[in-house]
Amino acid sequence: MFADSFRCGRKLVSSGDSSGDLMRKCGEPRYKDRGQAMVRVDGVTRKVGVERWYYKKSSRSLQHVIVLYRGRVTAVEVGGR
């Protein structure tokens with residue numbers, strides 16, 4: 001499932017935010033990895049290299065995966081517990 005934004009406390013992370021904004025709003029992720037994802041670039045959807053930052057607030061909350069392309073948030077994936 002995808003979301004347009006992700007709330008870190010009172011702050012909101014949205015598509016287009018920089019990785020620096022993400023760090024200031026949410027802090028260090030649980031972990032990071034690199035991979036491939038379909039991303040819309042210059043009006044065209046294509047497979048590109050991305051970085052994924054994983055956040056989980058508590059054992060009862062859902063995991064959120066923030067997808068970054070070229071240092072910018074491009075998607076928020078909402079996963080399982």
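If the cut-off is a Cα-Cα distance under 15 Å, which aspartates and glutamates reach LYS25, setting aside same-chain residues fewer than 8 apart in sequence?
The qualifying aspartates and glutamates are ASP17.
Treat the count of other C-beta atoms within 10 Å as a stand-in for reagent exposure and order VAL65, VAL48 from fewest to most.
Going from least to most buried by this count: VAL48, VAL65.
Could you name the lysines whose alpha carbon sits less than 17 Å from that of LYS32, not counting residues in the same chain fewer than 8 places away?
The reachable lysines, counting only those whose Cα sits under 17 Å from LYS32, are LYS56, LYS57.
To the nearest 500 deg cm²/dmol, what mean residue ellipticity at 222 nm is calculated for the chain from DSSP H runs of n ≥ 4 alone, each contributing -39,500 (n - 2.57), summed and divided by the residues? Present the calculation step by step, with values, prior to reporting the outcome.
Values: 1 runs with 8 residues, N = 81.
It comes out at -2500 deg cm²/dmol, rounded to the nearest 500.
With +1 assigned to the C-beta of every Lys and Arg and -1 to the C-beta of every Asp and Glu, and no other charges, what is the dipole magnitude of the chain about the Cα centre in debye, to the nearest 20? Display every interim value, and only then the final one.
Numbers: 18 positive and 8 negative charges, 57 e Å.
Taking the Cα centre of the chain as origin, the dipole is about 280 debye.
Once phi is turned into ³J(HN,Hα) by the Karplus curve 6.51 cos²θ - 1.76 cosθ + 1.60 with θ = phi - 60°, what whole-Hz value does each residue of segment 5-14 show in order, with x for glycine and proline?
Working through the residues one at a time gives 8, 9, 9, 10, x, 8, 9, 10, 9, 10 Hz.
Go through segment 43-54 residue by residue and turn each phi into a ³J(HN,Hα) via Karplus (6.51, -1.76, 1.60, θ = phi - 60°); whole Hz please, and just put x for glycine and proline.
Per-residue couplings from phi come out as x, 10, 8, 8, 7, 9, x, 9, 10, 10, 10, 9 Hz.
Just going by the charge dipole of the chain, with Lys and Arg at +1 and Asp and Glu at -1 on Cβ, which of MET38, VAL73, PHE6 is farthest out on the positive end?
Farthest along the dipole direction, towards plus: PHE6.
Using Cα-Cα distances under 8 Å and only pairs 6 or more residues apart, what relative contact order does the chain have, in percent? Write down the numbers at each step before the final one.
Values: 156 pairs, mean separation 25.1, N = 81.
Dividing the mean separation by the residue count of the chain yields 31 percent.
Taking each pair of different alpha-carbon atoms in segment 12-81 once, compute 1/r for the pair, average those values, and report the inverse of that mean as the Kirkwood hydrodynamic radius in Å to one decimal. Numbers along the way, then the final one.
Working: mean 1/r = 0.0802 Å⁻¹.
Its Kirkwood hydrodynamic radius stands at 12.5 Å.
Below 12 angstrom from the Cβ of ASP17, what's the summed charge of the other residues (Lys, Arg +1; Asp, Glu -1)? Please report the intermediate quantities before stating the final value.
Values: positive: LYS11, ARG24, LYS25, ARG72; negative: ASP4, ASP21.
So the surrounding residues net to +2.
Values quoted throughout were computed directly from the atomic coordinates according to the rules given, and no laboratory measurement underlies them. Owing to the predicted nature of the structure, the values given are computational and were not obtained by experimental measurement. Cβ atoms come from the backbone with ideal geometry, glycine included; neighbour counts cover every protein chain shown.
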